[in-house]
Amino acid sequence: MKARKNIQELQPYSSARSEFKGKASVWLDANENPFGEKVNRYPDPLQWKLKERIGEIKGINSNNIFLGNGSDEAIDLLFRAYCEPGKDRIITCPPTYGMYQVSADINDIQSRKIPLNTDFSLNTTRILQAVDERVKMIFICSPNNPTGNAQPLRDIKILATNFKGLIVVDEAYIDFSETESAISLLADFPNIVVLQTFSKAWGMAGIRLGAAYANQDIIDILNKIKPPYNINALTQEYALQKLSNPEIIKEQIQELIAERDKLEIELRKLNFINRVYPSD
């Protein structure tokens, strides 16, 4: 799907640091204060070291990664890039994550709501019936916030096959699920964007780091319109340290899942609990 015409024609801001590709012992290009340690210099505007490490962990090329100030930044940028204010629409499937609607409202985009089925699965037939020429994105949260269930990849494939716009799959909680990530679909479906975060399983909510995975055309558009230095140097440094030992995170995830299972057992013992829904 093509970005808005004005976005296609946009001349992006070019920072002094992004224009320089070599090595130097003296830096005069960005009018930085020479005093201070580390934080007196502008960070890498495209976060290449961090992307390379994330790519190794996720099994994806760093050119297919966009990093944002939380995944909320990527959500907002997708609206700005692909939806004409006051004209275009998106589809959401409530109950679901509230920021899709907030970003839609901020960007003056109408949201068509196709509720989940009673078992919280996607109603792919109704979703596709709601599509018209003004619908540019479909948001799927998997595992879904707040219902906790992951959506099967077969349903995402159905939507991506029959819809020309973007399928945005929000996987903030994918590390707690046995369901395969939709990242595995990117090679075959160039209209899928996968959102993930380092706030949940990775325990870095305080540094605000999120990611979008997509084909390079989409990533290039997001990089074109993002603020020049949207990921600060301290965030990049801390994230690299945390990502240096993913085995510790895997152990923590298993402990959290065990606690989730324990909570389910205890909830079932309460006489005022009618049903405990399974959770991913």
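Every read-out reported here was derived from the displayed coordinates using simple, explicitly stated rules and does not represent laboratory data. All figures in this text were calculated on a predicted structure; none of them were measured in a lab. Cβ coordinates were reconstructed from backbone atoms using ideal geometry, including for glycine residues, and neighbour counts include every protein chain displayed.
Length available on full extension from TRP48 to LYS224: 0.36 nm per residue minus the Cα-Cα distance, which gives 61.8 nm.
Close amide H partners of CYS141, meaning residues 5 or more places away or on another chain with modelled amide H under 5 Å apart, are ASP170. Of the candidates PRO34, PRO152, PRO45, which one comes out as most mobile in a Gaussian network treatment of the chain with C-alpha springs shorter than 10 Å? The residue with the greatest mean-square fluctuation here is PRO34.
Based on DSSP H segments of at least four residues, each scored -39500 (n - 2.57), the chain has a per-residue ellipticity at 222 nm of -10000 deg cm²/dmol.
Extending 7 Å from Cα along the Cβ direction at ALA187 and again at ASP105 yields two label points whose distance is 4.2 nm. Our estimate of slack between PHE20 and ARG112, defined as 0.36 nm per intervening residue step minus the Cα-Cα distance, is 28.6 nm.
Computed packing ranks the peptides 169-179, 264-274 as 169-179, 264-274, most packed first, by mean other Cβ atoms within 10 Å.
Multiply the residue gap between ALA233 and TYR277 by 0.36 nm, knock off their C-alpha separation, and tell me the result in nm, one decimal place.
Values: separation 44, 0.36 × 44 = 15.84 nm, distance 4.13 nm.
Between ALA233 and TYR277, full extension yields an extra 11.7 nm.
Which label marks the calculated value of Rg and Dmax of the Cα atoms in Å, given the options (i) 18.1, 53; (ii) 20.3, 70; (iii) 22.5, 76? Computed from the coordinates, Rg and Dmax of the Cα atoms in Å corresponds to (ii).
Distance between the 7 Å Cα→Cβ label points at SER244 and LEU263: 3.2 nm. Label-to-label distance for ILE57 and GLN11 is 3.9 nm, based on points extended 7 Å past Cα in the beta-carbon direction.
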